[in-house]
Amino acid sequence: MEQYFEEYMSRSVLIRNLSMPPESQCSDAAQFYRQFVENYISIKGLLQENRAMLDRKVYAPLKRIPDISEETAAELMDFSDKLADTRTLEMVDVRLGCVIVDQLIPFYVRLLQHDDSVSNLEKYIHCLYRRQVLAYNVGQTCDRGKVTESICKPYWDCIEDSMEKARPYLEDISVFASLPQQTQNELLTMELFSATAYERLYYDEKLIRKQIACYQRHIQRLSDPAFQKVVPSEDIEFDIFSGYAYLLQIQEFLYWVDAPEDILQILDEAATYTVAYIHKYPDNHRVDLQYAQSSQQIVEFYLGKSSLEDMLEFYRRWTDARDNHSYDYMSMDANLLPFFTVLWMCRAHPERIDACREYLLEAQRHSFEYICSARDQGAYHTLQRFASYIMADYVELEGGISFRDYYEMLLVTTQPALYVHCYMTAQISRLILSALYETKPELLIGTLGCETVEDVHKAIDKIHEFLYSCCIFHDIGKMFFLDTINLYNRMLFPGEFEIIKIHPVLGHEVLQRQKSTRAYAEAALYHHKWYDDKGGYPNDVSYSGVENAILYQIITCADCTDAATDSVGRTYSAGKSVQDMVADMRVNAGRMFNPDLVALFDQQKLVDEVDDLVTNRREKIYYQVFRLAERAAMEENSEANL
């Protein structure tokens, strides 16, 4: 089966490359668009091949577990390892790898029960190790705070469960000593990373203490002379350093809350040990000196040992020494981590914004340039996650880049296909609104505070402008899950659909937080809500009493129309005709769609206008957006090179 798996990997990498063609391969925007269309035609064919292979060679044997051969299990395990090579920035598919490994556990349990040889134990431990690592990486891709807690919990539980199953083989020194060095390393790594089960994107003292206990247990084990005797080939000093280095990283999960003194003292000791080790061994390949010193600065700031000015000055020196054109882990830390840190601090302590203003203004500009230049650097998808962190905690400043402008240009430059969808939704919405205004303007009473039809007449231009902006921002929540949204190499798992269904809530939260976009927050929240309030999502919101409900219902109609008729950017759809989409809307009128809006499509003029837009003008819109994306990226690259 190795050949089938290698072909799947090759197709998946090709799909990822085809889904966002680099500008360097295109001489102009027209060529960019032609390549885009050709690429998506190719993607659809590759997707079908991948689906067929997964059905035959992966899903079918997984359904037979534990009644599969050792050879098949080994091949599936090897496939999972390749799918999720966590040593690279661009892992192919950690979630698929996680599904495979999780279902292989019963097979290796039964194998070990039948024959408890070292060889079988080695295979079982490797499966647990991969399961834990993959669960951590999947959790990272979908964790966006408390709103995703129920989705992430199975992966956090998996990290804990894997460690508990592996712990007996680590604590029994005689068993540990009998294992191959690679298996010993896997057990030690599992213990080191067991703390990740308690990482959260919010402060929780109880979970912080659990993280600390995990790292302290690991360091204590490595420092035990009896344990050191059975691992003479290991670099114990380096492993102890790794424990302290990861312990120090807990400062990231304090989120500028006034943490207890004993926690801060533990982190201060970890910082002292980590920095001293890096000075002693500068080529340690685990933690960058500047990152460790940055963490030390933060801990000292918490303890009152250094000032805010000291910390900002350190960040300036760190960023001045950065490589603006490098996208390995350490370079990304240097280019973006100081900005994240200051954003998190200012969100928790708005009173510090003025003191950080000068630094934030420069960091806004630089972070935008750095992320927009990432497409050709082999770290594009990783940088997208970093962009989501910036959006979640962005601070708008007078004289700086407004959140509205930052997001819109980020969307155009890094996700032109998503921008096209938002723009198409805006254009279809404009046509529907115009038809509604011409035939039943009274239905717009209540919109933007209009109390009479006369008020509607006076405000119609303002209503159009407001609706356009709502459409541009309605899918902003998708920017938090691009690893899932842009997954084209296979069909989504049920859990991935649940992740996508959270995007309206996240979009609402981030838009509500910023002055320049607050007015459009409800559009993000309601655009997947059904007219009858009984279907769609989120489940816990209602149109009752919503002032601009009819505008958001227009967006629902337009959003569905563009998605259903787009045969280019939707790999899972062949693209319906407008007439077929109108027929679907009529079937669902009064349920999913506002019946007054559906009735507008009885007018042939509206049907013809929408049909012209999606069949004739969509190509021109793609062309215009890609030309804008191309120009923006070129400008950012040229400025970065100055």
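The values are calculated or read from the model by the stated rules, or taken from the named source; none is laboratory data. Computed from a predicted model, the values in this text were never measured in an experiment. When we count neighbours, we look across all protein chains shown, and the Cβ atoms used for this are built from the backbone with ideal geometry, even at glycine. We work out accessible area using only protein heavy atoms, side chains counted, and drop any ligands, DNA or RNA first. Shrake-Rupley method; radii C 1.70, N 1.55, O 1.52, S 1.80 Å.
How much length is gained if the chain between Lys605 and Ala583 is pulled fully straight, taking 0.36 nm per residue apart and subtracting their Cα-Cα distance, in nm to one decimal? Walk me through the intermediate numbers first.
Details: separation 22, 0.36 × 22 = 7.92 nm, distance 1.60 nm.
Gain on stretching Lys605 to Ala583: 6.3 nm.
Using only the alpha carbons of segment 102-179, determine the length spanned along each of the three principal axes and report them from longest to shortest in whole angstroms.
For segment 102-179, the Cα spread along each principal axis is 44, 25, 14 Å.
Could you tell me which of Leu254, Val610, Asn284 has its Cα farthest along the dipole of the chain towards the positive end, charges placed at Cβ (Lys, Arg +1; Asp, Glu -1), taken about the Cα centre?
Val610
More than 20 Å apart: what percent of Cα pairs in segment 142-239 qualify?
Here the tail beyond 20 Å accounts for 42 percent of pairs.
Roll a 1.4 angstrom probe over the protein heavy atoms and tell me the percent of accessible area of the chain that is carbon or sulfur.
Carbon plus sulfur share of accessible area: 49 percent.
Taking 0.36 nm per residue of separation and subtracting the Cα-Cα distance, what length does fully extending Asp172 through Arg217 add? If you can, show how the numbers build up before the last one.
Numbers: separation 45, 0.36 × 45 = 16.20 nm, distance 1.49 nm.
Result: 14.7 nm gained on full extension.
Convex hull over the alpha-carbon atoms of segment 145-195: what's its volume per residue in Å³?
71
Filter the cross-link list Lys210/Lys515; Lys462/Lys534; Lys440/Lys515; Lys440/Lys462; Lys153/Lys478; Lys576/Lys620 down to pairs whose alpha-carbon distance in this structure exceeds 26 Å.
Lys210/Lys515; Lys462/Lys534; Lys440/Lys515
Can you tell me the dipole magnitude for the chain around its Cα centre, using point charges on the Cβ only (Lys, Arg +1; Asp, Glu -1), in Debye to the nearest 20? Each step should come with its number before you reach the end.
On the way: 63 positive and 99 negative charges, 218 e Å.
It works out to roughly 1040 debye.
What is the percent of Cα-Cα separations in segment 443-528 that go past 21 Å?
44
What percent do you get for the relative contact order of the chain when only Cα pairs under 8 Å and 6+ apart count?
Values: 774 pairs, mean separation 82.9, N = 642.
In percent, rounded to a whole number, it is 13.
Sequence-distant or interchain residues sharing an amide H contact under 5 Å with Lys529, placed H: which?
Sorted by chain and number, the residues that satisfy this are Tyr537.
Report, as a whole number in µm² per second, the diffusion coefficient that Stokes-Einstein gives for segment 391-492 at 37 °C and 0.692 mPa s using the Kirkwood radius over alpha carbon pairs.
Translational diffusion coefficient: 206 µm²/s.
How many Å² of accessible area per residue for segment 284-442, probe 1.4 Å?
For segment 284-442, the solvent-accessible area averages 36 Å² per residue.
Read phi for every residue in segment 576-591 and hand back ³J(HN,Hα) as whole Hz from Karplus 6.51 cos²θ - 1.76 cosθ + 1.60, θ = phi - 60°, with x for Gly and Pro.
7, 7, 4, 4, 5, 5, 4, 4, 5, 5, 5, 4, 9, 5, x, 10
Would you kindly compute the Cα radius of gyration of the chain and its largest Cα-Cα separation (Dmax), both in Å?
Rg, Dmax (Cα atoms, Å): 26.9, 88.
Please give the helix 329-348 orientation as an angle from the longest Cα principal axis of the chain, in degrees from 0 to 90, rounded to the nearest 10.
In the chain, helix 329-348 runs at an angle near 70 degrees to the longest axis.
If packing is taken as the average number of other Cβ atoms within 10 Å across a peptide's residues, how do 598-608, 425-435 rank, most packed first?
For the peptides 598-608, 425-435, the packing ranking is 425-435, 598-608.
For segment 138-236, with every protein chain kept in place, what is the accessible area per residue (1.4 Å probe, Å²)?
Values: 4300 Å² over 99 residues.
Roughly 43 Å² per residue, with all protein chains present.
Over segment 496-580, what is the mean sequence separation of C-alpha contacts under 8 Å (at least six apart), divided by residue count, expressed as relative contact order in percent?
Across segment 496-580, relative contact order equals 19 percent.
Would segment 48-133 count as rounded, prolate or oblate if I go by the C-alpha gyration tensor, calling it rounded below 1.5 in a/c and otherwise prolate when a/b exceeds b/c, oblate otherwise?
oblate
For an R0 of 56 angstrom, estimate the FRET efficiency from the Cβ-Cβ distance between Phe238 and Val37 and round to the nearest 0.05.
Result of the calculation: an efficiency of 0.65.
Compute the helix-to-body angle for 289-303: its Cα long axis versus the longest principal axis of the chain, expressed 0 to 90° and rounded to tens.
So the helix axis and the longest Cα principal axis differ by about 80 degrees.
As I understand it, the value is the acute angle between the Cα axis of helix 261-280 and the longest principal axis of the Cα atoms of the chain; what does it come to in degrees, rounded to 10?
Long axis of 261-280 versus the principal axis of the chain: about 70 degrees.
What ranking do 278-284, 575-581 get when scored by the average of other Cβ atoms within 10 Å per residue, highest first?
575-581, 278-284
Kindly rank 62-69, 343-350, 243-250 from highest to lowest mean number of other beta carbons found within 10 Å of each residue.
Final packing ranking: 243-250, 343-350, 62-69.
Add -39500 (n - 2.57) for each DSSP H run of 4 or more in the chain, then divide by its residues: what number comes out at 222 nm, to the nearest 500 deg cm²/dmol?
When only DSSP H runs of four or more count, the value is -22500 deg cm²/dmol.
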